[in-house]
Amino acid sequence: MKLLAYKKADFSSPIITVHEALRLRRQYPEEWEGKHFYDLIKLRPMVPVDRGAKSSSFAYLGGSGDGHGKGSKGIAHELVQEYVCKLWTWRIRVFGKEFLLKIDETSDEWSIHDDRSGLNYSVDCQLHLSPDSDLYYETSGVIGIEVTDTHKTGPRKKKALTGAGLVILELQMIPDWHVANDVKITSEELKLLRARIFGFLNKGTRLGCLCKPAHVRI
């Protein structure tokens, strides 16, 4: 659930909780009724929705993005996913070797359908490589990136991705990035976390291999 938002469409704006936003709307409806707030990752507009003390959350406006339910991705996970999808070049290390990925196009929440189970699985990022990129021919130009925080990829999902013949690399997040209590993070702390993630990805990143076809040699 989205419990936090920026008050303004600015990464330096103060962060407000959904409960504070709802309180302001109740006490000062002339000023706060219909007011938009902005998500912490992409500054997409949201509104607070009152579902009771334990279930209230911010919700995206129609067409501006999708939310997550309980047990959803944390702030750091979403930031890593966002920054990976912004990269044009990325120096990685996998299987003890270094590669320079040159990226033509990216997308997040890559949906993979498993014909055997009929279920859909989501991979955090999809990278379309340039023809002159390392690993272009080995991967047919497409690599998936799964960001791993505290929860490992489940065996059913891993089996489905393997069965689909995909190359999926895994980025293990740094434990210190984890925001233990989302409702206490400030805009300055979030700014520092963004800088740490950006620096980590830009200096070269060690990845694991979640799955790949047997014939792919890396």
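The values are calculated or read from the model by the stated rules, or taken from the named source; none is laboratory data. Computed from a predicted structure; not experimentally measured. Ideal geometry is used to build each Cβ from the backbone, glycine not excepted, and the neighbour counts take in all protein chains shown. Accessible surface is based on the protein model in full, side chains and every heavy atom, while ligands, DNA and RNA are left aside. Shrake-Rupley method; radii C 1.70, N 1.55, O 1.52, S 1.80 Å.
To keep it simple, each residue is scored yes or no on (1) at pLDDT below 90; (2) within 13 Å of the chain's Cα centre (by Cα); (3) surrounded by fewer than 16 Cβ atoms within 10 Å (Cβ to Cβ).
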site	(1), (2), (3)
Lys54	yes, no, yes
Phe58	no, no, no
Gly67	yes, yes, yes
Lys70	yes, no, yes
Lys73	yes, yes, no
Tyr83	no, yes, no
Lys86	no, yes, yes
Phe99	no, no, no
What do you reckon, is Gly163 within 18 Å of Ser111 (Cα to Cα), touching a residue at least 12 places away in the same chain (Cβ under 8 Å), out of contact with any Phe, Trp or Tyr (no Cβ under 9 Å at 6 or more places or on another chain) and open to solvent by 40 Å² or more (accessible area, probe 1.4 Å)?
-> yes
Pick from segment 101-123, criterion at pLDDT 95 or above and out of contact with any Asp or Glu (no Cβ under 8 Å at 6 or more places or on another chain), ranking: least open to solvent (accessible area, probe 1.4 Å) = Ile103
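Within segment 124-135, identify whether any single residue is open to solvent by 40 Å² or more (accessible area, probe 1.4 Å) and touching a His at 6+ places or on another chain (Cβ under 8 Å), and answer yes or no. Outline the logic, then answer.
Just the residues of segment 124-135 that are open to solvent by 40 Å² or more (accessible area, probe 1.4 Å), to begin with: 128, 131-132, 134.
Next, only the ones that are touching a His at 6+ places or on another chain (Cβ under 8 Å) stay: none.
No, because not a single residue in segment 124-135 is open to solvent by 40 Å² or more (accessible area, probe 1.4 Å) and touching a His at 6+ places or on another chain (Cβ under 8 Å).
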Residue selected from segment 158-191 under the condition under 23 Å from Gly118 (Cβ atoms) and of a type in the set (Val, Ile, Thr), by the criterion modelled with the highest pLDDT | Ile168
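For segment 21-60, which positions are assigned to a loop (DSSP other than H, G, I, E, B) and hydroxyl-bearing (Ser, Thr, Tyr)? Give the steps one after another, and end with the answer.
So in segment 21-60, the residues assigned to a loop (DSSP other than H, G, I, E, B) come out as 28, 33-36, 39-44, 50-56.
Selection gives Tyr28, Ser55, Ser56.
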Residue list for segment 140-157, restricted to those being more than 15 Å from the chain's Cα centre (by Cα) and modelled with pLDDT of 95 or more | Gly141, Val142, Ile143
Only residues that are buried (at least 16 other Cβ atoms within 10 Å of the Cβ) and of a type in the set (Phe, Trp, Tyr): list them for segment 177-218, please.
-> Trp177, Phe200
Residue pairs within 9 Å by beta carbon, gap of at least six or interchain, first lying in segment 36-62 and within 15 Å of Asp10 (Cβ to Cβ), second assigned to a loop (DSSP other than H, G, I, E, B) and among the β-branched types (Val, Ile, Thr), listed first then second, are Leu40/Ile185
Any chance Ile92 is assigned by the TED database to the domain that holds Gly165, open to solvent by less than 80 Å² (accessible area, probe 1.4 Å) and touching a residue at least 60 places away in the same chain (Cβ under 8 Å) = yes
